[in-house]
Every structure is written in C-alpha cells, then in structure tokens.
Amino acid sequence: MTDIKKKRLVTKIEVLLICLAVVFIVCQVILDLAIPGFMSNITKLIKQTDTQVPQILSEGGLMILCAIGSGLCSIIVGFAMARLSAGVTRNIRNNIFVKVSELGVSEVQKFSTASLITRTTNDVRQVAMFIAFGLQVIIKAPIMATLAIVKIVGKSWELSLATMVSVGLMLVVFLMVVLFVIPKFKKIQTQTDELNNVARENLLGIRVVHAFNAEDFEQNKFEKTNSNLTKTNLFVGRLMSAVNPFMSFVMNGLSLVIFVIGAFLINSAGDLEKIGVFGDIVVFSSYAIQVVISFMLLAVILFILPRAIVSMRRINEVLKTKSTIVSGDGDFETSAVGEIEFNGVSFSYPGAKEKVLEDISFKADRGQTIAIIGSTASGKSTLVNLLARFYDPTNGEILVDNVNISNYKLEDLYNKIGYISQTSTILSGTIYDNVSLGNGSNGKPSREDVLEAIKISQAEDFVLAREKNIDDDINQGGTNLSGGQKQRLNIARAIAKKPEILIFDDSFSALDYKTDKLLRKALKKELSGTTIVIVAQRIGTIKDADLILVLDNGKIVGKGSHKELLNSCNVYKEIALSQLSEEELKDGSR
C-alpha cells in the first residue's frame with residue numbers, strides 16, 4: 001500500500017560503525033591504561049642514580065602521546081556512535097510509520113493516536129540517547145575494568161581487598177537502583193502518553209473549550225496529569241541524584257584507603273625500597289581509580305538504559321502487532337466492474353457482545369446509486385466501513401466484482417474504491433496536492449483530471465477565485481477553509497481517482513441543499529458508469545437513488561426505491577415526514 005518499505009534496524013553500515021567503535025574503544029582503553037605504566041617507569045628512573053634527563057623526558061613524551069591518542073580515539077568513537085544512533089533511529093521511525101500504515105482501524109484505536117505519537121518521538125529519542133552515549137559506555141567500562149584489574153592483581157592483597165570492597169558496594173547500589181527505577185520509567189512513558197492525549201484533546205477542541213468557558217476544567221485536567229508525571233520524575237530524579245555523590249564518595253574513599261595502607265607499607269619497607277614501594281602505590285592507585293571510573297561510567301547507564309529498555313518494549317509492541325486486516329494475494333481480472341454484493345453480512349466490534357450489523361444482504365450493479373439511511377447508531381457508517389475493508393465482517397461475505405474483498409490485495413481493492421469520510425481530512429500543501437493525493441488505478445491524476453474533479457464536486461467557484469487557483473496553499477486541517485469547502489475538496493479527491501465505486505459516508509452534511517442537488521446532478525451526468533454508495537440523513541439527498549436501504553438497529557427493515565419505501569416501510573416514512581411535508585414528498589422537487 002505504500003512505496004516506503006520496512007528497513008533492517010541495523011544495516012551493513014551500522015555493523016561497520018559498531019566494529020569501528022569497538023576497535024577504537026579498545027585502543028582508547030589500552031592507551032589510558034598505559035599512562036600509569038609510564039608514571040611507574042619515571043618513578044624508577046628517579047630512583048636510579050645514573051638516570052639522565054632525556055630518559056625522563058622520553059617517558060613523559062610517550063605518556064603525552066598516549067593521552068593525545070586516547071583523545072583522538074574518543075573523538076572517532078563519538079562520531080561513529082552518533083552516526084550509528086542516527087541511522088538506527090531513522091530505521092526505527094521508518095518501520096513504525098510503515099507498520100502503523102499497515103494496521104487496521106481497531107489496532108490504531110487500541111494504542112491511541114497520542115500514544116503512537118509518543119512512541120514515534122519520545123520513545124525513539126530515548127533509544128537514540130542510549131545508542132549515542134550508553135552503548136559506548138557498555139563496551140568501554142567492562143574492558144577498562146577487566147584490564148585494570150589484571151594490572152593490579154598480585155600487587156598487594158591489602159590494596160586489592162580495598163578495591164574489591166569498593167566495587168562490591170557499587171554493585172549493591174546499582175542493583176537497588178535498577179530494581180526501583182525500571183518500573184518507574186515504564187510509568188513515566190505511560191503518563192507521557194496521557195499528558196500528550198490531554199494536550200491534544202484541548203488543542204483539537206479549543207473552540208468548544210472557549211465556547212463553554214471550560215478553560216478551568218481543561219486546566220485542572222491537564223494539571224492533574226502533569227502533576228502525576230512530575231511526581232514520578234521527581235522520585236526517579238531524587239533516587240538517581242544519590243548515585244553520583246555515592247560514586248564520588250567511594251572513589252575518594254578508595255584513594256584515601258590506598259594511601260593510608262600505602263603509608264604503612266612504605267613505613268615497613270627498607271630505606272632502599274621505599275621509593276619503589278611508593279611508585280607501586282601510585283601506579284596501583286591509578287589502576288584502582290580506573291576500575292572505579294569504569295563503574296561510575298556504568299552509573300551513567302542507570303540514567304539511560306532503564307528508560308531505553310522501556311521505550312524499546314513500547315516500540316516493539318507496535319512493530320509486533322499483527323493487523324486484523326490482512327492483504328490478500330489474489331490478482332483478479334473480472335468482466336464485472338463496479339459490482340457490489342453483501343451476502344448475510346454480520347458484524348460486531350472487537351470485544352463487543354452485541355452485533356452492530358446483522359444479516360445484511362443486497363446487490364448493486366455497475367452505475368447504480370445505492371443509498372443507506374436510518375436512525376443514529378443504526379449501523380450505516382459501519383456498513384460502508386466494511387465495504388472499504390476498514391474492518392472484516394464477523395459473518396458472511398462482501399463481494400466486489402464477484403470476488404470476496406478479503407482475497408484482493410489491499411492496494412488493488414483501494415484502487416477500485418473512492419472513499420469520502422464524515423470528517424473532512426485536509427493536509428498542508430496546495431489544493432492540487434490535496435485533490436491528487438495518492439495513486440489511483442490510472443496513476444496519479446493529471447492537472448486536467450484535478451480541475452474536472454473540482455468542477456464536478458462544485459468546488460470550482462471558490463478554487464478558481466483563489467490567487468493561485470489549484471496551486472494555492474491550504475493550511476493543515478483546512479483552517480483557512482469553511483466546512484463545506486473542505487468537504488467538496490474531499491469529494492473532488494475521490495472523484496479525481498476515477499474509481500469504480502464511490503462511497504459517500506454522510507459526506508453531504510456540510511453542503512447546502514442547492515450545492516447538494518447540483519453535486520448529485522453532476523455525479524449522475526459525468527460519472528454514469530461509477531457505482532455510488534451514499535450514507536445520508538437527508539431524504540432529498542437519497543430519494544433519486546436506484547436502491548435505498550433502510551437500517552434500524554443493524555438490520556435492513558426496508559429495501560427499494562423512494563416511492564416503494566414510502567408505501568412499504570414505516571421507518572422510512574417516519575424519517576421522510578420528519579424532514580418534509582406530505583405535499584413536498586409527493587411533489588419530489590427537493
């Protein structure tokens with residue numbers, strides 16, 4: 001259904017970047033750990049009586065080169081991780097977009113729009129932060145800690161014991177923080193969904209909020225959600241804020257313990273050995289601090305990893321969700337064009353016990369106009385949603401051109417159908433962009449097709465009056481258009497597609513009676529070979545239809561022409577008399 005395809009999260013380029021980062025991280029660690037060795041060599045040279053200044057300068061120069069090399073390695077690693085993060089998160093966003101495009105209406109409603117937006121933005125950003133900063137720490141810290149421990153093993157059991165106790169204390173703190181923090185991060189993301197949902201509702205309903213002086217009500221609702229999120233963030237922040245001071249306390253305490261123990265070791269050593277013991281203690285201190293720094297780096301991960309894990313799980317929930325609307329694999333060429341048939345169709349929404357539609361059966365031939373009318377919640381929109389395959393029927397079958405719609409590839413089915421929903425959908429861009437949206441069965445509509453569709457939909461008067469005609473810009477949501485103008489552009493969009501079947505889901509409601517009549521007249525004249533399905537509330541909109549279906553509580557209680565139903569269907573007659581007088585019904589002028 002879309003030219004955008006799913007991508008592998010980690011491509012060959014990302015794998016190469018990971019390998020590059022690992023190599024330079026190892027090089028950086030080796031260079032960092034080589035520096036204390038040069039310090040030890042300088043100490044030994046100072047101890048010797050025949051040492052020359054150039055020898056000390058040589059060791060110092062090598063130490064400086066190691067520091068410069070470590071810095072360069074750090075820059076390369078940072079670049080590689082930033083590029084890796086950007087590439088992987090780009091692929092994640094792409095895959096979420098494609099997946100959501102494939103999901104059925106029920107799956108999207110299950111997640112909610114606000115949650116899907118959060119998962120595509122905030123959750124992906126958490127994963128990006130982990131890849132950019134956390135991944136290199138996870139690689140670097142164990143390598144640094146392991147090599148540093150290897151360097152100090154066997155030097156002094158007293159000093160080694162002090163180091164191991166420090167490491168043990170840090171591990172205990174890490175474990176406690178992880179146990180408390182991870183559940184809270186999951187709660188934070190859920191509360192972020194709620195906050196986005198409340199803000200989105202307020203923005204979309206801003207006119208209603210102002211009209212009913214409901215600002216205080218909305219503000220209180222937002223404040224409650226915002227306070228809950230703030231409290232959770234404060235709890236996590238306070239807990240995490242104790243980690244860094246504790247790490248600093250352990251590192252400084254370890255340095256103090258090492259030098260206190262070292263003082264006793266130096267004091268117990270002979271006069272000739274004191275300088276050597278001092279040098280060993282300085283080197284041991286450097287390596288011990290490297291071990292502690294490794295665990296301090298892991299402490300940084302405590303700020304990033306738990307939230308990234310929660311975010312990745314939420315992203316996977318979307319990516320692993322299976323759509324209930326599965327595309328068929330058939331490629332059909334039939335002699336029938338624009339034929340519709342419902343055979344014993346029943347439907348109930350997921351999780352609902354009652355049926356919305358029950359035993360719906362009718363047939364429409366090419367070029368016929370089928371109208372559907374009934375009281376509120378009688379199942380009119382649900383019926384056309386089944387025809388457009390936004391849902392699959394619970395029982396029965398729906399045929400288009402004598403083929404079950406579940407056997408069609410979704411792209412092929414939607415090429416046959418032009419759908420105009422109850423709510424007008426206008427995207428940012430020009431009028432031409434909106435009307436020519438998508439690719440129909442005959443390819444993207446030409447400018448001539450767009451102008452013709454605009455003429456048929458009775459939108460020509462206001463479109464041609466604009467400064468740039470069809471090249472004039474429209475605001476997102478059509479905020480610079482009236483309701484009737486937006487509806488006519490939506491109708492033009494479906495007509496420009498040149499489908500076999502046109503579905504109007506209560507799409508005439510925003511039109512005045514004159515425009516309604518002119519539009520129906522133009523449809524009959526210009527699209528005589530197109531099958532039209534109209535859901536409407538007005539009798540005047542549907543009375544000229546070839547077949548009218550009257551729905552009541554999800555069942556067809558009347559079927560026939562306008563005149564036939566006036567005589568045979570009490571429900572239809574009641575609806576008609578509620579809108580028109582008996583004289584107007586007989587006259588039939590409206």
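The values are calculated or read from the model by the stated rules, or taken from the named source; none is laboratory data. As the structure is a prediction and not an experimental result, all values here were calculated from the model. Using ideal geometry, Cβ is built from the backbone for each residue, glycine included, and neighbour counts are taken over all protein chains shown.
Taking F79, is it among the aromatic types (F, W, Y) and either touching a residue at least 40 places away in the same chain (Cβ under 8 Å) or within 20 Å of F295 (Cβ to Cβ) (or both)?
Taking the combined requirement at face value, the residue does not satisfy it.
So F222 fits all but one of (1) modelled with pLDDT of 80 or more; (2) within 29 Å of the chain's Cα centre (by Cα); (3) under 26 Å from L297 (Cβ atoms); (4) of a type in the set (F, W, Y); what number is the exception?
It is condition (3) that F222 fails.
Return the pairs, sorted by first residue and then second, in which the second residue is charged (D, E, K, R) and at pLDDT below 85, the first residue lies in the stretch 25-40 and is farther than 12 Å from A148 by Cα, the beta carbons are less than 9 Å apart, and the residues are 6+ apart or on different chains.
I25/K140; V26/K140; Q28/K140; F38/E59; M39/E59; S40/D280
Report, by residue number, each residue of the stretch 452-469 that is in contact (Cβ under 8 Å) with a residue 12 or more places away in the chain, surrounded by fewer than 20 Cβ atoms within 10 Å (Cβ to Cβ) and of a type outside the set (K, R).
Selection gives E452, F462, N469.
What number of residues within the stretch 527-537 satisfy the criterion of being assigned to a loop (DSSP other than H, G, I, E, B), in contact with a Phe, Trp or Tyr (Cβ under 9 Å, 6 or more places away or on another chain) and crowded, with 19+ Cβ neighbours inside 10 Å?
1
Condition check: closer than 27 Å to S509 by Cα, touching a helix residue (DSSP H, G or I) at 6+ places or on another chain (Cβ under 9 Å) and free of Cβ contacts under 8 Å to residues at least 40 places away in the same chain. Does R447 satisfy that?
When the stated conditions are applied, R447 does not pass them.
Could you tell me whether Q537 is in contact with a helix residue (DSSP H, G or I) (Cβ under 9 Å, 6 or more places away or on another chain), modelled with pLDDT under 85 and in the same structural domain as I373 (by TED's automatic domain parsing)?
Details: in contact with a helix residue (DSSP H, G or I) (Cβ under 9 Å, 6 or more places away or on another chain): yes; modelled with pLDDT under 85: no; in the same structural domain as I373 (by TED's automatic domain parsing): yes.
So Q537 does not fit the description; no.
Got at least one residue in the stretch 202-213 being in the same structural domain as R119 (by TED's automatic domain parsing) and in contact (Cβ under 8 Å) with a residue 24 or more places away in the chain?
No, the conditions are met nowhere in the stretch 202-213.
Among (1) over 26 Å from L580 (Cβ atoms); (2) free of Cβ contacts under 8 Å to residues at least 40 places away in the same chain; (3) buried (at least 19 other Cβ atoms within 10 Å of the Cβ), which single condition is S482 missing?
S482 satisfies all of (1) over 26 Å from L580 (Cβ atoms); (2) free of Cβ contacts under 8 Å to residues at least 40 places away in the same chain; (3) buried (at least 19 other Cβ atoms within 10 Å of the Cβ) except (3).
Going by the conditions given, is V173 of a type in the set (A, V, I, L, M) and either in contact (Cβ under 8 Å) with a residue 24 or more places away in the chain or outside any helix (DSSP H, G or I) (or both)?
Answer is yes for this residue.
Could you give me the residue pairs with C-beta distances under 9 Å whose first residue belongs to the stretch 515-537 and is farther than 24 Å from V550 by Cα and of a type in the set (A, V, I, L, M, F, W, C), whose second residue is assigned to a helix (DSSP H, G or I) and modelled with pLDDT of 85 or more wherever it lies, and which are 6+ apart or on separate chains?
Pairs that qualify, where the first residue is farther than 24 Å from V550 by Cα and of a type in the set (A, V, I, L, M, F, W, C) and the partner is assigned to a helix (DSSP H, G or I) and modelled with pLDDT of 85 or more, are A522/K455; A522/I456; L527/I456; L527/I495.
Which one is modelled with the lowest pLDDT, of the residues in the stretch 439-470 that are outside any loop (DSSP other than H, G, I, E, B) and either among the small types (G, A, S) or touching a Phe, Trp or Tyr at 6+ places or on another chain (Cβ under 6 Å) (or both)? Talk me through it step by step, then tell me what you get.
Within the stretch 439-470, the subset outside any loop (DSSP other than H, G, I, E, B) is 440, 443, 447-456, 460-464, 469-470.
Those still in the list that are either among the small types (G, A, S) or touching a Phe, Trp or Tyr at 6+ places or on another chain (Cβ under 6 Å) (or both) too: 440, 443, 450, 453, 470.
Numbers: G440: 51, G443: 64, V450: 88, A453: 89, I470: 84.
Checking each candidate, the answer is G440.
For I491, work out the one condition from (1) at negative phi; (2) surrounded by fewer than 19 Cβ atoms within 10 Å (Cβ to Cβ) it doesn't fulfil.
If we test I491 against (1) at negative phi; (2) surrounded by fewer than 19 Cβ atoms within 10 Å (Cβ to Cβ), just (2) comes out false.
State whether the residues of the stretch 225-244 include one that is in contact with a helix residue (DSSP H, G or I) (Cβ under 8 Å, 6 or more places away or on another chain), free of Cβ contacts under 8 Å to residues at least 24 places away in the same chain and not in a loop (DSSP other than H, G, I, E, B). Before you say what the answer is, go through the steps one by one.
First, pick out the residues of the stretch 225-244 that are in contact with a helix residue (DSSP H, G or I) (Cβ under 8 Å, 6 or more places away or on another chain): 225-226, 228-229, 232-233, 235-236, 239-240, 243-244.
Next cut, free of Cβ contacts under 8 Å to residues at least 24 places away in the same chain only: none.
No, the stretch 225-244 contains no residue that is in contact with a helix residue (DSSP H, G or I) (Cβ under 8 Å, 6 or more places away or on another chain), free of Cβ contacts under 8 Å to residues at least 24 places away in the same chain and not in a loop (DSSP other than H, G, I, E, B).
So that you can scan it fast, the table gives a plain yes or no per residue for (1) surrounded by fewer than 18 Cβ atoms within 10 Å (Cβ to Cβ); (2) out of contact with any helix residue (DSSP H, G or I) (no Cβ under 6 Å at 6 or more places or on another chain):
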position	(1), (2)
A510	no, no
K514	yes, yes
K525	yes, yes
A545	no, yes
N553	yes, yes
S561	yes, yes
E564	yes, yes
S568	yes, yes
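Here are I56, I42, I68, I35: which of them is hydrophobic (A, V, I, L, M, F, W, C), assigned by TED's automatic domain parsing to the domain that holds V292 and surrounded by fewer than 14 Cβ atoms within 10 Å (Cβ to Cβ)? Full working, then the answer.
Values: I56 fails: surrounded by fewer than 14 Cβ atoms within 10 Å (Cβ to Cβ); I42 fails: surrounded by fewer than 14 Cβ atoms within 10 Å (Cβ to Cβ); I35 fails: surrounded by fewer than 14 Cβ atoms within 10 Å (Cβ to Cβ).
Going through I56, I42, I68, I35 in turn, the sole match is I68.
Are any of the residues in the stretch 407-414 touching a strand residue (DSSP E or B) at 6+ places or on another chain (Cβ under 9 Å) and either small (G, A, S) or closer than 24 Å to V550 by Cα (or both)?
No - not one qualifying residue is present in the stretch 407-414.
Hey, any hits in the stretch 541-550 for a residue that's in a helix (DSSP H, G or I) and either in contact with a strand residue (DSSP E or B) (Cβ under 6 Å, 6 or more places away or on another chain) or over 20 Å from S361 (Cα atoms) (or both)?
Among the residues of the stretch 541-550, at least one is in a helix (DSSP H, G or I) and either in contact with a strand residue (DSSP E or B) (Cβ under 6 Å, 6 or more places away or on another chain) or over 20 Å from S361 (Cα atoms) (or both), which makes the answer yes.
Does L502 fit the bill of being surrounded by 13 or more Cβ atoms within 10 Å (Cβ to Cβ), assigned to a strand (DSSP E or B), at pLDDT 85 or above and within 38 Å of the chain's Cα centre (by Cα)? Show your work before the answer.
Working: surrounded by 13 or more Cβ atoms within 10 Å (Cβ to Cβ): yes; assigned to a strand (DSSP E or B): yes; at pLDDT 85 or above: yes; within 38 Å of the chain's Cα centre (by Cα): yes.
Yes; evaluated as a whole, the condition is true for this residue.
Taking only pairs six or more apart or across chains, which ones have beta-carbon atoms under 9 Å, a first residue in the stretch 573-584 that is within 21 Å of V557 (Cβ to Cβ), and a second residue that is surrounded by 14 or more Cβ atoms within 10 Å (Cβ to Cβ) and of a type in the set (S, T, N, Q)?
I575/S375; I575/Q537; Q579/Q537
Determine which member of the set K186, K151 is over 30 Å from V283 (Cβ atoms) and assigned to a helix (DSSP H, G or I).
K186
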